[in-house]
Amino acid sequence: MTQATAADFVGTWRLVDYSLVHDDGVIEKPWGTDVRGYLLYSAEGYMSGNLGPARRRRGVIERITPAARPRRNRRYIAYTGRYSVQGDTITHHVEASLFPLWVGRDEVRYYTFDGDKLTLCTGPLKSGHHTLVAQLTWERVR
C-alpha cells in the first residue's frame, strides 16, 4: 500500500521497535530491544502516543546534572493532538506533550504498512556530524 487514508490508521498500535538509522548505515537502539508503547488513532481524527523503554527505573529519584537536564525526558515520549494524512506522510498536530516545545508543532512522519505492521519515520535529523532518521515500528492490536 503506497497511499493510505486516515481510516487505515484508526485503531491501537503496540510499539515493537524504536531505532535510529544513521546516514552511514549504523542502526542504534537508544532504548535497547525491549520497548513498550502504544499509539492510538481515532476515527474522529485524534491521536495519542506514549512510549519508552520497557525497563524504566521505578522509585528512584534521579540526580540530574544541569548539562543533562535537556535530555532527561528522552527516555519517555508522550504527546497527543489531531492528525492528518497526505500522500506518503501522516502529520501529528501536537496539542499536548511531555515536551513543551512540541506543543503547537506539527510532527511529520513518513509511513509504510506491511500487513499488520506500521512503520513511521522522521525526516532526516542532524545529530552532531551525522544525519539520522528515527524509525518506529508498530503492530496493530487485534
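Return the only residue of Thr5, Thr12 being of a type in the set (Val, Ile, Thr) and either closer than 17 Å to Thr119 by Cβ or crowded, with 16+ Cβ neighbours inside 10 Å (or both).
Just one listed residue meets the conditions, Thr12.
Kindly list, by first and then second residue, each pair from a residue in the stretch 93-107 that is touching a residue at least 24 places away in the same chain (Cβ under 8 Å) to a residue that is assigned to a helix (DSSP H, G or I) and among the β-branched types (Val, Ile, Thr), limited to pairs with Cβ atoms under 6 Å and residues at least 6 apart or on different chains.
Every condition considered, no pair remains.
Can you name the strands (runs of 3 or more DSSP E) wholly within the stretch 76-136 that have at least 1 residues being under 20 Å from Ala43 (Cα atoms)?
77-86, 89-97, 106-114, 117-121
Any residue at all in the stretch 40-47 that's among the aliphatic types (A, V, I, L, M), part of a strand (DSSP E or B), in contact with a His (Cβ under 8 Å, 6 or more places away or on another chain) and modelled with pLDDT of 95 or more?
Looking for residues that are among the aliphatic types (A, V, I, L, M), part of a strand (DSSP E or B), in contact with a His (Cβ under 8 Å, 6 or more places away or on another chain) and modelled with pLDDT of 95 or more, one finds at least one in the stretch 40-47, hence yes.
The values are calculated or read from the model by the stated rules, or taken from the named source; none is laboratory data. Computed from a predicted structure; not experimentally measured. Glycine gets a Cβ as well: all are built from the backbone with ideal geometry, and neighbour counts include every protein chain shown.
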